[in-house]
Amino acid sequence: GHKYCVALNSCGSALMLMLKCTGLEYGDKVISNAFTFGAVPSAIEHAGGKAVYVESDYNHVMDVPDLEKKLEANPDCKHVLVSHMRGKVGDMDAILEACKKHDAILLEDCAHSLGVEWQGKHTGHVGKVCGISSQSYKMINSGEGGFLLTDDPDVAARCAVYAGAYEGLASKHMTVPGPEHFGDLPKELPNYSLRMSALAASIIKPQLLSLDERIEKYNRRYNALTAKLEERVGEHMSIPVNTPGVTQPVHDSIQFNLGKHFTEEMIQEFLDECAAHGLPVELFGHKSNARNFVNWGFAPADDPLPMTGEMLSRACDCRMPLMWDDKDFDDMAEVLSEAIESVVAKNA
């Protein structure tokens, strides 16, 4: 639904370019989620910015009161990059209002939220610019790839030039603004050679035809799986709740928080029990997980993030492979439930 789209070699490139194309200068601050994938702070660093992190809550979304606090504490920050991690969308109306109040540009990382709708519109329409991913584990899969989408013609033109629209190549783009928006940009901006390859594009195109069908299958399986888990072991775990305003979720994986009565040792026992039954479950707060902010030595947090740290310490992640049969998710529910029950019984 955007006016302009530039196909790139990765969503990380889209995030980096959206910052540069909206005026980020070297050393400028960028406010973003403390819970996201390491590619987000990497893109901020790549663009020359300095990340300032906002707490994430037990629904795995940006905490709006802390966003307000960080905007007030950093009046020189003019970019807010909200990441819809694992397709979880925060209160975008409140986030936009906070950005307007503090004169900050809102940008959206939609790498994980293709198909997710906020107030009846696809994610990415609240912010000025958004980025979408076609990396291996996303709703469209070309191995690597991404898109920058916007309704702003100047942002789109700058992005196309940065990506590699030198000389007259801009005219070959089907979804960029007219030549009047390019002017002397090919002479003024560097060519970073970040275009999507024709091979990646050819892999993506047929997948778009089945997107709605796959969303329906993912959501149906997710709803059945979570219902089983909540009925059997709901007292020992919590499942993130969609923010009011999310009119269509997309659940291609499941996340849950183990109860606060689970010690660090019990959490590891749970992970080991799942692995012993052939089900890989990841802990977001693990010392090697790229989604744990303590592992971002290239863009460290200056302030403590106790809410996010506590959430990550018991937040688990499990993929829901599309090619599995429906009955395989019954087995997944059994493994997760039995692993929780076993650990609780052992430590009673």
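The values are calculated or read from the model by the stated rules, or taken from the named source; none is laboratory data. All figures in this text were calculated on a predicted structure; none of them were measured in a lab. Glycine also receives a Cβ, built like all others from the backbone with ideal geometry; neighbour counts cover every protein chain displayed. Each accessible area value is taken on the protein alone, full model and side chains, heavy atoms only, with ligands, DNA and RNA left out. Shrake-Rupley method; radii C 1.70, N 1.55, O 1.52, S 1.80 Å.
Below is a table of values for the structure above.
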quantity: Tensor-based shape of segment 1-123 (alpha-carbon gyration tensor, a/c under 1.5 rounded, otherwise prolate or oblate); calculated: rounded
quantity: Residue-averaged [θ]222 nm for the chain, counting only DSSP H segments that reach four residues, each worth -39500 (n - 2.57); calculated: -11500 deg cm²/dmol
quantity: Efficiency of FRET between Trp324 and Glu45 - r from beta-carbon atoms, R0 35 angstrom, step 0.05; calculated: 0.40
quantity: Of the DSSP H helices in the chain, those whose Cα atoms cover at least 30 Å axially and whose Kyte score averages -1.0 or more; calculated: 326-346
quantity: Nitroxide proxy distance, nm - points 7 Å out along Cα→Cβ at Asp93 and Ser342; calculated: 4.6 nm
quantity: Percent carbon-and-sulfur accessible area, segment 92-195, ignoring ligands, DNA and RNA, probe 1.4 Å; calculated: 49 percent
quantity: Stretchable slack from Glu334 to Ser288, in nm (0.36 nm times residue separation minus alpha-carbon distance); calculated: 13.8 nm
quantity: Distance between segment 1-42 and segment 281-297 - C-alpha centres, whole angstrom; calculated: 21 Å
quantity: Separation in nanometres of the label points that stand 7 Å from Cα toward Cβ, at Thr263 and Lys100; calculated: 5.1 nm
quantity: Separation between Cα centres of segment 167-186 and segment 85-142, rounded to whole Å; calculated: 26 Å
quantity: Amide proton proximity set for Val54, modelled H, under 5 Å, gap of 5+; calculated: Ser32, Asn33, Ala34
quantity: Solvent exposure of the chain as accessible area per residue, Å², 1.4 Å probe; calculated: 45 Å²
quantity: Cα-based Rg / Dmax (Å) for segment 220-334; calculated: 15.3, 47
quantity: Backbone N within segment 289-309 under 19 Å of label point (7 Å from Ala73 Cα along the Cβ vector); calculated: 293-297, 299-309
quantity: Candidates Phe329, Phe37, Phe284, ranked by Gaussian network fluctuation over the chain, Cα under 10 Å, top entry; calculated: Phe329
quantity: Label-to-label distance, nm, for residues given as Tyr137 and Lys172 (7 Å Cα→Cβ offset); calculated: 3.4 nm
quantity: Cα gyration tensor shape of segment 65-184, rounded if a/c is under 1.5, else prolate or oblate by comparing a/b with b/c; calculated: oblate
quantity: Identified option (computed Cα Rg over 2.2 N^0.38 Å; candidates (1) 1.14; (2) 1.02; (3) 0.97); calculated: (2)
quantity: Gaussian network model of the chain, Cα within-10 Å springs - most flexible of Ser171, Ser83, Ser253; calculated: Ser171
